[in-house]
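Reading through the structure tokens given below for one structure.
The values are calculated or read from the model by the stated rules, or taken from the named source; none is laboratory data. These numbers were taken from a predicted model, which means no experiment stands behind them. Positions of Cβ are generated from backbone atoms using ideal geometry, with glycine treated the same way; all protein chains shown enter the neighbour counts. Heads up: the accessible areas ignore ligands, DNA and RNA and are worked out on the full protein's heavy atoms, side chains in. Shrake-Rupley method; radii C 1.70, N 1.55, O 1.52, S 1.80 Å.
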Amino acid sequence: KMSSGAADLRQRKKQNCTESDKMAPEERNKENSKLGRSPKYLLIQRFAKLFFGCLAAVTSGMMYAVYLSTYHERKFWFSSRQELEREITFQGDSAIYYSFYKELLKAPSFERGVYELTHNNKTISLKTINAVQQMTLYPELIASVLYQASGSEEVIEPVYFYIGIVFGLQGIYVTALFVTSWVMSGTWLAGMLTVAWFIINRTDTTRIDYSIPSRENWALPYFACQVAALTGYLKKNLNCSAEKFCYLLVNASTYTFMMMWEYSHYLLFVQAVSLFLLDSFALAQTEKVHEVYRIYLFSVIVGYLLQFENSALLVSPLLSFVVALMLSKSLQMNMKKSTFVSRLLKIMYIYLVLTVAVTLNFLLKMFIPHKENEHLLKFIEVKLGLNTTKNFTMNWLLCQESLQAPSQDFFLRLTQSSLLPFYILVLIICLFSVTQVIFRRICGEPLKETVKLEDGRIGERPEIVYHVIHTILLGCLAMCLEGMKYLWTPYVCMLAAFGVCSPELWMTLFKWLRLKAVHPILLALILSMAVPTIIGFSLWKEFFPRIMTELTELQEFYDPDTVELMTWIKRQAPVAAVFAGSPQLMGVIKLCTGWMVSSLPLYNDDDLLKRNENIYQIYSKRSAEDIYKILTSYKANFLVIEDSICNEVGPVRGCRVKDLLDIANGHVVCEEGDNYAYSKYGRFCHEIKMNYSPYVNYFTRVYWNRSYFVYRINTVISFQS
């Protein structure tokens, strides 16, 4: 019976746009005549609402971008720093991204710069990489083109232009969330509340404070635009021009999102699953959902071609899932109705799609050569307790805070800002309403063409159902990995704000409670204004002073030891020198000096992961000869020992770099529940500082300060007693 409802939806979808556009004004005119309103009055009212809503959305985005810029200036004193001191604020992988942006600007032409990046042999010793493909450097390509084409060289410094684009994208991110909640609730008051919650919970909604050039900071604003457009596209009774606009925006933003982030197809896969469940219960127009599937398919194919034939996209779960959906649907639609096989297919549709998707993905991985982050699959096995390992890289990843389960502080922060309680309330009401709608569909009751406020059926709106499913799926991922909270929490802000500002949600609740003392429609309208107003005032009173304190309080970020190290390298080290050390420090050395390094903080390449593990052995209990052989195998000339790693006192014993190395090297003995470290050699980073044989035979100290010790790796070994 649900399938017959889906057929009805398809028939309604296939109606001529012009007919629906003609019918809508007639219905509106009848309603206006009853209310005593002229069409001209209604047009002015709608225009004013749209104008002020758009103005509020754009203003919110601009103010957030200015806020980020001001906070960044107060935190790092950027304008008063020298170029070297500014660059040191980029840490880890962020330093690598920005270093390639610098190289593009220094190239004699854009074409030459792109060629040097795609055939890069000046970054990692003994290795030529396609940096554009391997590190998804399309944001840097776009930023460099805009900087040079706009003639900004004489107006603004490259670093300000770069971070300005990122902050501007964050403004677009906030604006897209504003628009999404506005489209869902019908009032831009929901957008204002979304932005307020987003900024107050900035610690849990974005990583912009810690890593400006990270790929998600470039990509997620486009995903937010895609979600906003998809929300409008899924709405019922949308006029033809608005539907086309939303469709084109979904197209453009999906493709751009996929080009900006190497892991984008995983997030789109979660979205595809949400749409699949929405379509399976016949709660949306099937044709619209399948148009989105075609957009996914087009984006994957074009992305594969433009990303230098990136095989990871061909073996991605997104492609397999979308192809399985389209095959299963075509098989189902081509079967003759009322036959036994067709009825069986309708019942087993979900099982059929999942089976075909898994089988197709397995076959693609069997026949297509790929390196689709095999360490990611191993990590999932260990994370779920399906396997154990002593591998250094795997255990190091498991120890990262972003890959741990979220802490209690995370939920406490969301509760203190009142976000979590209202999100749970909205989610429960929407879930119960959706469950009711699904039960009615099973019983054969068709969906209403237009859901009115007095109906109290918020679960019949397809865009609401989509967001409920989407946030639940993202929430499940966030409960497993803390790093996923940056994908989930922004949409928690949006859904909670939509709920408290939506009269339909309150009306749905009152329908269940069967209120008789007060008119439910009037009460729903009052609460949809009063509750967000009260929340807004309470947030203003409690959090606005804190935000203003952040902007007025001068913080100090200064790392003189790192500045001294970089200055020494630029002045004293040979131009052809290769440096070895921790991957995070190597990224900073590459950015600040331009010298070649032996490793980088990248985790999507098995060879680089192995390099990182080998070079980290400088903090293990290995002999001087072993370390010397490892370093010379990568043609390293200088070794940098970091005192912070060598003498690390981590909060979690067993997660320090030296502990993980001892486990991987078998230098830990377990007896009666206690761990004992054992090796016939002392810890290399400690022993080399003693300046005795055999360490002085292989290494010569050439520079040191409080944080770093630099050793030249001897090419001619002098054996001293």
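Per-residue counts of other Cβ atoms within 10 Å, averaged by peptide: what ranking do you get for 468-477, 559-568, 169-178, highest first?
Result, highest mean first: 169-178, 468-477, 559-568.
Report the far tail of the P(r) of the stretch 64-119, meaning the percent of Cα-Cα pairs longer than 20 Å.
43 percent
Given +1 on the Cβ of Lys and Arg, -1 on the Cβ of Asp and Glu, and no further charges, what dipole in debye does the stretch 146-287 carry about its Cα centre, rounded to the nearest 20?
420 debye
Using a cut-off of 13 Å between beta-carbons, work out the net charge of the residues near LYS629 (Lys and Arg +1, Asp and Glu -1, LYS629 not included).
Value of the local net charge: 0.
Probe of 1.4 angstrom, ligands and nucleic acids ignored: what's the accessible area per residue over the stretch 460-610, in square angstrom?
The answer is 42 Å² per residue.
Here are several values of volume of the Cα convex hull per residue in Å³: (1) 180; (2) 239; (3) 200. Which one was derived from the coordinates shown?
Label of the calculated value: (3).
Under 5 Å between amide hydrogens, which residues at least 5 positions from ARG622 or on another chain qualify, with H placed 1.01 Å from N in the peptide plane?
PHE684
Among TYR466, PHE167, THR70, which residue has its Cα furthest toward the positive end of the charge dipole of the chain, with +1 on Lys/Arg Cβ and -1 on Asp/Glu Cβ?
Highest projection toward the positive end goes to TYR466.
Taking every alpha carbon pair in the stretch 503-555, what does the distance histogram look like in 5 angstrom bins from 0, in percent?
P(r) over the stretch 503-555, rounded to whole percents: 4, 18, 17, 13, 10, 9, 8, 7, 6, 4, 2, 0.
Taking R0 as 56 Å, what FRET efficiency do you get between LYS390 and PHE52 from their Cβ-Cβ distance, rounded to the nearest 0.05? Each step should come with its number before you reach the end.
On the way: r = 61 Å, r/R0 = 1.09.
Rounded to the nearest 0.05, the efficiency is 0.35.
Determine ³J(HN,Hα), in whole Hz, for all residues of the stretch 631-644 in sequence, where each value follows from phi through the Karplus function 6.51 cos²θ - 1.76 cosθ + 1.60 and θ = phi - 60°; x replaces Gly and Pro.
5, 5, 5, 9, 6, 6, 10, 9, 10, 10, 9, 9, 5, 5
What would the Debye formula give as log10 I(q)/I(0) at q = 0.14, 0.16 Å⁻¹ for the alpha-carbon point model of the stretch 560-713, no solvent?
Log-scaled intensity ratios, in q order: -0.69, -0.90.
Whole-Hz Karplus ³J(HN,Hα) for the stretch 705-713, in order, using 6.51 cos²θ - 1.76 cosθ + 1.60 and θ = phi - 60°, x for Gly and Pro?
Once θ is set to phi - 60°, the couplings for the stretch 705-713 become 9, 5, 10, 10, 10, 10, 10, 7, 8 Hz.
Check VAL578: other-chain or 5+ apart residues with amide H under 5 Å from its amide H, H built from backbone geometry?
Residues meeting the criterion, in which the H sits 1.01 Å from N, are ASN637, PHE638.
Along Cα→Cβ, 7 Å out, is where each label goes; now give me the distance between the ones at THR632 and PHE439 in nm to one decimal.
7.7 nm
Can you give the Rg to Rh ratio for the stretch 54-165, taking only C-alpha atoms and Rh from Kirkwood?
1.02
Under a 5 Å amide H to amide H cut-off, with H placed in plane at 1.01 Å, what residues pair with VAL702 once short-range neighbours are removed?
The answer is VAL710, TYR711, ARG712.
Just how large is the dipole of the stretch 54-165 about the Cα centre, in debye to the nearest 20, putting +1 at every Lys and Arg Cβ and -1 at every Asp and Glu Cβ?
Rounded to the nearest 20 debye, it is 220 debye.
Tell me which trypsin sites (Lys or Arg not before Pro) from the stretch 514-588 have a DSSP coil assignment and no more than 13 other beta carbons within 10 Å of their own.
In loop regions of the stretch 514-588 (DSSP not H, G, I, E or B), the sparsely surrounded trypsin sites (Lys or Arg not before Pro) are ARG514, LYS516.
Report the gain in length on full extension from GLU157 to LYS452: 0.36 nm times residue separation, minus Cα-Cα distance, nm rounded to one decimal.
100.7 nm
If you stretched the chain out fully between ASN121 and GLN572, how much longer would it get, using 0.36 nm times the residue separation minus the C-alpha to C-alpha distance?
Between ASN121 and GLN572, full extension yields 160.1 nm more.
What FRET efficiency comes out for CYS476 versus PHE544 if R0 is 30 angstrom and r is the Cβ-Cβ distance? Round to the nearest 0.05.
Numbers: r = 33 Å, r/R0 = 1.12.
Taking R0 as 30 Å, the efficiency between CYS476 and PHE544 is 0.35.
Arrange the peptides 118-128, 249-259 so that the one whose residues have, on average, the most other Cβ atoms within 10 Å appears first.
Highest to lowest by the protection proxy: 249-259, 118-128.
Could you derive backbone 3J(HN,Hα) for the stretch 137-145 from the dihedral phi with the Karplus parameters 6.51, -1.76 and 1.60 (θ = phi - 60°), listing whole Hz in sequence and x where the residue is Gly or Pro?
Here the 3J(HN,Hα) series is 8, 4, x, 5, 4, 5, 4, 5, 5 Hz.
Using helices alone, what [θ] at 222 nm do you get for the chain, with -39,500 (n - 2.57) per DSSP H run of 4 or more residues, divided over all residues and rounded to the nearest 500?
That comes out to -21500 deg cm²/dmol.
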